[in-house]
1. Of the residues that sit in the stretch 288-312 and are within 16 Å of the ligand (Cβ to nearest atom) and part of a loop (DSSP other than H, G, I, E, B), which one is farthest from residue 159 (Cα to Cα)?
2. Looking at the stretch 93-106, can you tell me whether even one residue there is over 22 Å from residue 276 (Cβ atoms), at pLDDT 90 or above and surrounded by fewer than 23 Cβ atoms within 10 Å (Cβ to Cβ)?
3. Would you point out the residue of the stretch 157-184, among those that are within 13 Å of the ligand (Cβ to nearest atom) and assigned to a helix (DSSP H, G or I), that is nearest to residue 22 (Cα to Cα)?
4. Of 77, 44, which residue is within 16 Å of the ligand (Cβ to nearest atom) and surrounded by 24 or more Cβ atoms within 10 Å (Cβ to Cβ)?
Ligand SMILES: *Cc1c(COP(=O)(O)O)cnc(C)c1O
């Protein structure tokens, strides 16, 4: 399937004024650490608290008026974007999520008036439910990452970053199903073929990373992580986000739970930004020394939708437990 910058520029016109133009700001602390200009694209400032609004708005707004409603599976943020976009169009939305999705995310989606279905203990089970609903209730399914409209919407972030800073040499992009990384990489490389785009994810259940190594989509067990938004598979039937990540990402890098915890603290104590674990993996890659950069670098702070009880514990240096995972606490600067 042909997918190009033209799709992303078309998405840009659709989402204008609704889900675009987030701040892109330097982080003085990260700039000192990286030894290069280091900038944060603040998608945590989106009205639903995450970048997924871009893809969701583009997908929902371009549906024909005859469509009765939409459905999706989600680790939380895509569902929130779809619920918001459907609400704007006066369309019904049914959001399917697994029991691994944090309550704060579920509550946020319900508050937008969507119909929420909690099914199973993995993103794959939620996906099967949303596929069943398409047939049973005549809804249109919007994939969180394997849909050209969604990828095009996420790609607008890359266009905005390079317009603001044409001198960027590296982009560090949080990676799960790969819709974000695919869109951003296609946009960035169309504008500057020499730019490096690196996908960053957690070392627990990294489905795209395992699939890129295998050369085809593979399944990995889904496990609890501080970066819960990065959980879930890429679908064995993946059509678009896998080949685009394979062809356009320069590398993938894995970070640990401790590295994610530390990066959340850095972003909060140094830049005063509240962000979920999935959002800080680009910072974690630099802070851990796993990625070195040779010029101006940008990362995407992808979202802020986390449980505030969990957040305040992490900031206080306490141990936190998510499912079967315990992450040791440590006071920042200690
Ligand atoms: C969905 C999500 C990601 C990963 O995006 P993909 O397109 O699935 O790779 C990263 N961060 C947050 C906060 C997300 O919600």
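The values are calculated or read from the model by the stated rules, or taken from the named source; none is laboratory data. Predicted model, so just to flag it, every value in this text is computed and none were measured. Quick reminder, even Gly has a Cβ in these numbers, built from the backbone with ideal geometry, and neighbours come from all protein chains shown.
1. Within the stretch 288-312, the match that is farthest from residue 159 (Cα to Cα) is 307.
2. No: zero hits.
3. Restricting attention to the stretch 157-184, the residues satisfying the condition of being within 13 Å of the ligand (Cβ to nearest atom) are 157-158, 172-184.
Add one more test, that the residue is assigned to a helix (DSSP H, G or I), and what stays is 157-158, 179-184.
Details: 157: 9, 158: 12, 179: 19, 180: 15, 181: 18, 182: 19, 183: 17, 184: 15 Å.
Out of the qualifying residues, it is 157.
4. Numbers: 44 fails: surrounded by 24 or more Cβ atoms within 10 Å (Cβ to Cβ).
That would be 77, the only listed residue that is within 16 Å of the ligand (Cβ to nearest atom) and surrounded by 24 or more Cβ atoms within 10 Å (Cβ to Cβ).
This table checks each residue for (1) outside the structural domain of residue 195 (by TED's automatic domain parsing); (2) surrounded by fewer than 19 Cβ atoms within 10 Å (Cβ to Cβ).
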residue	(1), (2)
256	no, yes
268	no, yes
283	no, no
303	no, no
315	no, yes
333	yes, yes
